[in-house]
């Protein structure tokens, strides 16, 4: 096991800068998600760490050892591919045995290790099957067993759950996390699914256009996004834009929004405030006055029922705001109704304009 | 109901006619190789005389062996070179790759008569001359594009992540090729090999140009024999070849699904 340090890595393909001066420290034994839209460079970064491609500049170290010019077969990594990439001409056991076998391990050792790896992913009895006889979830487990049986220093996962249906994906998230904890391997996980990143990882790195936008534990990024992009890409957010007043912003129509968190900015600069839809309370009247709460008036334009919660779209000064309300049996608000939105400054994050 | 039955019946008739069209001449030839009359005369009288006299025909036997030898060597060379070339075309990007791939097709389309003439003149000019070695060289040149085209088609269905997965598990280039890529393209390699064998073994035109009088291949020898006067020995040798090659084909079809998913 080992940590991975990526320092000032850049990689261009022709005129396109796929990675632009990216530095991330992946701690030993951590579970790290690289999150970003397609084309953000997250897969390129994973391929640099794996060794399928080399950076134009910068340094990559695994366990303190520089590897940026070492080809993939010498890096001692384990990788799980998006489409599993199981060898179709081999049985499940032979797939898992491949890494040990090319290394020239003794037959008896291979058999023991393969059985142990298959047991770890709960496929102990399926060694004799062919990949095409397995379900998607089972293939996923075989790919995982194959990647970890060689005891790699780091485990790289490229959108490993993307091809599974929703229910199976949730099962596999829990399973993957359990296995990762059990063997304590440094894991780097590429995904475009924010929910997956939030639920599984210890830390998240958000990438956009080849740059690292923000990096930290899921809760920190969710509660304290440093950019509009981070706020809207990880979770949903209502964004207000205006001029800073020191502890919030003033909108174009003069309304002040107080922020209890985020950047410290010089008054007068352009800035935004982000607030999560579930932090806003919606009501038909203003209720009891509350000294410092942010209050806005608007009109419900649409309600989307989603079982345990409902999303209200509220029109206000040309902007559509989202409010998520738990369905606890309270009266529902009709479309077209005038409403008052209220939320605390502590739920509001001040963000420097990008 | 009635229409369906008529259609079904017509379908069967069509298949029957098709098979007759394909196999009737061959079957008649095979039968005549067992007929006493050398002039296709009936009634049919059973004999194995022509097979016995074939055994005595040293020229025909020598030509048959030449053909087999050349076809086998051509197949081996074409399969090795062709598969390697296909892999290189699949794996690497280089200048002029598209042009090179396009150049593979004209040799398949150019009439063999023209290729044969060109080879004769060229081989004469550079001192290769004529003979079995020249025939072998010519056959390899003719068959190689077939192998590359067939193996490349199979490679189009190969998922490049499989090679990447193998490398991530520590396999070097040779191990990746031998244990992952080759097993996948094997049906293509076998099919390509059969093509190469057929192109060489059936080859008349190019062989005719490049053969020397004493040293020749079976098709050329048969042609020469027919010109001198037809003998049922030709029927006999043809029948043997048909049986052997059909058996080979059926065996291969039994063990490999060409181009199919495994």
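Every number here is computed from the coordinates shown, using simple stated rules; none is lab data. From a predicted model like this one, the values you see are computed outputs, not experimental measurements. Cβ atoms come from the backbone with ideal geometry, glycine included; neighbour counts cover every protein chain shown.
What is the P(r) of chain B, as percent of Cα-Cα pairs per 5 Å bin from 0?
Cα pair-distance distribution for chain B, in percent: 1, 5, 10, 12, 13, 13, 12, 11, 9, 6, 4, 2, 1, 0, 0.
Taking the Cα centre of each part, how many Å lie between region A:123-198 and region B:65-123?
What the calculation gives is 45 Å, centre to centre.
For region A:1-93, what is the largest minus smallest coordinate of the Cα atoms on each principal axis, given in angstrom and ordered from greatest to least?
Projected onto its principal axes, the Cα set of region A:1-93 covers 42, 30, 24 Å.
In whole Å, what is the distance between the alpha-carbon centres of region B:29-55 and region B:184-215?
Taking the Cα centre of region B:184-215 as reference, the centre of region B:29-55 is 30 Å away.
Quickly estimate the mean residue ellipticity at 222 nm for chain B, helices only: each DSSP H run with n ≥ 4 gives -39500 (n - 2.57), and the total goes over all residues, rounded to 500.
Details: 13 runs with 196 residues, N = 262.
-24500 deg cm²/dmol, from helical runs alone.
Taking Cα atoms of region A:238-352, Rg/Rh with Kirkwood Rh, to two decimals?
Working: Rg = 14.4 Å, Rh = 14.6 Å.
Across region A:238-352, the Cα-based Rg/Rh ratio is 0.99.
For B:104, B:19, which order do you get if you count the other beta carbons within 10 Å of each Cβ and list the fewest first? Display every interim value, and only then the final one.
Working: B:104 17, B:19 10.
Fewest-to-most Cβ neighbours within 10 Å comes out as B:19, B:104.
Computed over the Cα atoms, what is the radius of gyration of region A:120-198 divided by 2.2 N^0.38 Å, N being its residue count?
Details: Rg = 12.5 Å, N = 79, 2.2 N^0.38 = 11.6 Å.
Against the empirical 2.2 N^0.38 Å value, I get 1.08 for region A:120-198.
By counting other Cβ atoms within 10 Å of each Cβ, how are B:221, A:315, B:93 ranked from fewest to most?
If I rank by nearby Cβ atoms, fewest first, I get B:93, A:315, B:221.
In square nanometres, what is one fourth of the surface area of the convex hull spanned by the alpha carbons of chain A?
On the way: hull surface 86.4 nm².
For chain A, the mean projected area of the Cα convex hull comes to 21.6 nm².
If I take the Cα coordinates of the protein assembly as shown and project them onto the principal axes, what are the three extents in Å, biggest first?
Cα extents, longest axis first: 120, 72, 52 Å.
For chain A, what relative contact order do you get, as a whole percent, if you take Cα pairs closer than 8 Å and at least 6 residues apart?
Details: 775 pairs, mean separation 58.4, N = 354.
Computed over chain A, the figure is 16 percent.
For A:301, A:227, B:33, what's the fewest-to-most ordering of other Cβ within 10 Å of each Cβ?
Details: A:301 15, A:227 19, B:33 22.
With the sparsest Cβ surroundings first, the list reads A:301, A:227, B:33.
With just the Cα atoms defining each centre, how far is region A:15-91 from region A:229-307? Give it in Å.
Centre-to-centre distance over Cα atoms comes out at 38 Å.
What does region A:223-276 give for Rg and for Dmax, in Å, if only its C-alpha atoms count?
Reported Rg and Dmax, both Å: 10.5, 29.
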